[in-house]
């Protein structure tokens, strides 16, 4: 099936690389006019050019999702470019290198701000535009970190992302369900995705060079837990996000779906 987003205007935050880049490209292939929002202008412009080179419609707008004023300005600019907003993928985020009990309050606040506050700021800014458009679809980026724990031996052997990242993604899950309850009355569906071992530049710490290269930072832990041999790739997540924002999922909201190869250590 093609043209599942024909004529729709879609914002993808963190659309400059990894899952965001793959999703922006897929949205464009399915007929969407894509707004790529990210901090790294060179990378964002590169994705914009790649989409346009294949006949797609894309515009890059510089934005730090943790800066509420910048978010509001960027969303208004997006609406000025394309007239309305129908789809939002709150993808931007990331963890930190410090961890409990030695994670600084500055690091904790930074990670919470990008992942959780950024999801709030973007959703609040986009919401009235979706209401005016007669409805829309939002997908929030969560993580398997929001639903599982680690034993002392797992943490010692494999490590983990920062405690702030786990807390932020659990907050994103709760916010997703809350937003969906409000959105049901105005035609806005809100869902989330929880990736596991996905090969992105951030998760591989820059080692990935192609679809078969590099290693995930927590490859050993995931390989022990997954029911399906890994890893996954950005297109795997992009395909799920596309489904959740398309008409094929019209009766689905308030769901956070795992895409992790069947990782059983979760609640």
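Take the alpha carbon atoms of the stretch 57-127, find their center, do the same for the stretch 1-52, and report the distance between the two centers in whole angstrom. About 16 Å separates the Cα centre of the stretch 57-127 from the one of the stretch 1-52. Starting from the Cα gyration tensor of the stretch 96-158, take the square roots of the eigenvalues, sort them a ≥ b ≥ c, and report rounded, prolate or oblate (rounded when a/c is under 1.5, otherwise prolate if a/b is larger than b/c, else oblate). Oblate is the answer for the stretch 96-158, as a/c is 1.5 or above yet b/c matches or exceeds a/b.
Neighbour counts of other C-beta atoms within 10 Å: give me 169, 8, 45 arranged from fewest to most. Write down the numbers at each step before the final one.
Working: 169 27, 8 23, 45 15.
So the ranking, lowest neighbour count to highest, is 45, 8, 169.
The label point for residue 52 and the one for residue 153, both projected 7 Å from the Cα toward the Cβ, are 5.6 nm apart. Taking 18, 247, 192 as the candidate residues, the one with maximal mean-square fluctuation in a Gaussian network model of the chain, Cα springs under 10 Å, is 247.
Considering only 248, 223, 57, the Gaussian network model of the chain with Cα springs below 10 Å gives its largest mean-square fluctuation to 248. The angle between the Cα long axis of helix 234-245 and the main principal axis of the chain comes to about 50°, on a 0 to 90 degree scale. Between 74, 168, 49, the Gaussian network model of the chain with springs among Cα atoms under 10 angstrom shows the greatest mean-square fluctuation at 49. Going through (i) 18.5; (ii) 19.1; (iii) 20.0, the figure that equals Kirkwood radius over Cα pairs in Å as computed for the structure here is (i).
Throughout, read-outs are computed from the coordinates displayed, never taken from laboratory work. Here the structure is a predicted model, which means the values were calculated and not measured. Glycine gets a Cβ as well: all are built from the backbone with ideal geometry, and neighbour counts include every protein chain shown.
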